[in-house]
Amino acid sequence: MAKQRTRIVSVVNEKGGVGKTVTVLNLAAALSLRGKNILVVDMDPQLNTTKGLGFTSDENDLSVYDVIKPDNPVSADSVISNTSWEHLDLLPSHIDLSGIEIELANELGRENRLKDALKPFSGQYDFVLLDTPPSLSLLTVNVLAFAREILIPCQTHPYAYSALDELLETISIIKEEINPKIEVMGIVATFFDQRTRVSKKILEDLRSDIRFKQKVFNTVIRINTTIAESAYYNRPVVFFRRSSTGATDYLALADEILGEI
Ligand SMILES: Nc1ncnc2c1ncn2[C@@H]1O[C@H](COP(=O)(O)OP(=O)(O)O)[C@@H](O)[C@H]1O
Ligand SMILES: [Mg+2]
C-alpha cells in the first residue's frame, strides 16, 4: 500500500496564550496514540513545547537553532530526538533561536532555512507539527514557508475572535509571496467555558460567520485545569490523564483531523 503523504501542519496565532503549544503537544500525543508517526518541531525560543515533552534545556544541547543557523549548520537527523513516547519525536528549541533573525539578516533565502533542512527527513513521518512563537517573526515565516496546512487555535474570547481577520490577512500575504501551497486546515476554539455566556456567544459567532464557518472544527477544546497540571509534570495531558476533558477533547480533535484525509 502506498504511504500516505506527510502532513506538515503549523499551529499559528500571532497572539500569545491562545493554546498553540498545548494544541501542538496534545495533538501530537493523540495522533501518536492513533499509531501515526509524529515529528514535533519547536520553533518558539520560549521552549514550552520542548519542556512539555519532558526535555530539559541545557545550554549545550543541539536544537533547531543548529539546524538553521548560517555557519556550519548541522543535519536535522542528528538533532531530532526520540521522546519517552512511541511514535513521537522532537526537534527541540533553544534560547539562541531568539537571535536568529539578526544572524540570518544577510542570508539569501533565509525564509527557507527550515524547509531546506527538514525536507529530506519529513517523509519518515505521517505528521510534522510545528509550534510557532506569538509573532510574525522570521521564525514563524520559516514555519509558514515549509508547512502545507495551518491550524489556528482561537480562544473563545472577544479579542481573540476579532484578531482572526488580521491573521487570515497575514496568511494570504504569505500564500501570495512565500508559499502558494499553504492552506488553512481549520480553526479550533480553545478555552471554551460552558458556564459563561461569552464563550458560547463567541463559538456561535465563529460557527455562523461566513468567513470562518467552513473552517471551524466541530471539536471544541474546553477549559481544563488538568492541562496546567500536566504542564507542571512536563507531559501532554493526553499522556498524563487520559480521562480528563483536556485529553478527551484533543483525542477528538485528532480523530476529526484524521477523518478529513
Ligand atoms: N484548554 C485549556 N484549559 C486550561 N488551561 C489551558 C488550556 N489550554 C492552554 N492552557 C494553559 O494556558 C496557558 C497558555 O497556553 P499555551 O498553549 O502555552 O498558549 P500559546 O502557546 O498560544 O502561548 C498555558 O499555561 C497552558 O497550560
Ligand atoms: Mg506557545
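Are any of the residues in segment 164-179 farther than 27 Å from Ser84 by Cα, open to solvent by 10 Å² or more (accessible area, probe 1.4 Å) and touching a Gly at 6+ places or on another chain (Cβ under 8 Å)?
The answer is no, given that none of the residues of segment 164-179 is farther than 27 Å from Ser84 by Cα, open to solvent by 10 Å² or more (accessible area, probe 1.4 Å) and touching a Gly at 6+ places or on another chain (Cβ under 8 Å).
Tell me which helices (runs of 4 or more DSSP H) are completely within segment 167-260 and hold 1 or more residues being more than 17 Å from the chain's Cα centre (by Cα) and in contact (Cβ under 8 Å) with a residue 40 or more places away in the chain, or say none if there are none.
Correct list: 197-208, 237-240.
Please go through segment 194-236 and give me each residue that is open to solvent by less than 80 Å² (accessible area, probe 1.4 Å), over 19 Å from Leu164 (Cβ atoms) and not small (Gly, Ala, Ser), ordered by number.
Thr196, Asn224, Thr226, Ile227, Glu229, Asn234, Pro236
Filtering segment 75-91 down to residues that are surrounded by 18 or more Cβ atoms within 10 Å (Cβ to Cβ) and in contact with a helix residue (DSSP H, G or I) (Cβ under 8 Å, 6 or more places away or on another chain), which residue is farthest from Pro120 (Cα to Cα)?
Here the answer is Trp85.
Applying the selection to segment 246-261, what residues are within 11 Å of ligand 1 (Cβ to nearest atom) and open to solvent by 50 Å² or more (accessible area, probe 1.4 Å)?
None; the set is empty.
Is it true that Leu164 is within 25 Å of Ile68 (Cβ to Cβ) and not polar (S, T, N, Q)?
No, not satisfied.
Which residues, taken from segment 34-57, are under 18 Å from Ala247 (Cβ atoms) and either among the polar types (S, T, N, Q) or open to solvent by less than 20 Å² (accessible area, probe 1.4 Å) (or both)?
Answer for segment 34-57, where residues must be under 18 Å from Ala247 (Cβ atoms) and either among the polar types (S, T, N, Q) or open to solvent by less than 20 Å² (accessible area, probe 1.4 Å) (or both): Ile38, Val40, Thr49, Gly52, Leu53.
Might you let me know whether segment 64-74 holds any residue that is under 18 Å from the mean Cα position of the chain (by Cα), open to solvent by 40 Å² or more (accessible area, probe 1.4 Å) and among the hydrophobic types (A, V, I, L, M, F, W, C)?
No: segment 64-74 contains no residue that is under 18 Å from the mean Cα position of the chain (by Cα), open to solvent by 40 Å² or more (accessible area, probe 1.4 Å) and among the hydrophobic types (A, V, I, L, M, F, W, C).
Would you be able to say whether some residue in segment 104-117 is away from ligand 2 (no atom under 16 Å from the Cβ) and open to solvent by less than 10 Å² (accessible area, probe 1.4 Å)?
There is at least one residue in segment 104-117 that is away from ligand 2 (no atom under 16 Å from the Cβ) and open to solvent by less than 10 Å² (accessible area, probe 1.4 Å).
Can you confirm whether Ser10 is within 16 Å of ligand 2 (Cβ to nearest atom) and in contact (Cβ under 8 Å) with a residue 12 or more places away in the chain?
So Ser10 passes the test.
Please state which one of Leu27, Leu31 is open to solvent by less than 60 Å² (accessible area, probe 1.4 Å), closer than 14 Å to Ile152 by Cβ, under 16 Å from the mean Cα position of the chain (by Cα) and more than 13 Å from ligand 2 (Cβ to nearest atom).
Leu27
State the number of residues belonging to segment 11-51 that are farther than 17 Å from Glu86 by Cβ and small (Gly, Ala, Ser).
So the answer is 3.
Name the single residue, out of those in segment 118-135 being open to solvent by 10 Å² or more (accessible area, probe 1.4 Å) and either more than 16 Å from ligand 1 (Cβ to nearest atom) or over 14 Å from the mean Cα position of the chain (by Cα) (or both), that is nearest to Tyr250 (Cα to Cα).
For segment 118-135, the residue satisfying everything is Asp126.
The values are calculated or read from the model by the stated rules, or taken from the named source; none is laboratory data. None of the values given here were measured: they were computed from a predicted structure. Ideal geometry is used to build each Cβ from the backbone, glycine not excepted, and the neighbour counts take in all protein chains shown. The protein model used for the area step is the full one, side chains on, heavy atoms only, and it has no ligands, DNA or RNA in it. Shrake-Rupley method; radii C 1.70, N 1.55, O 1.52, S 1.80 Å.
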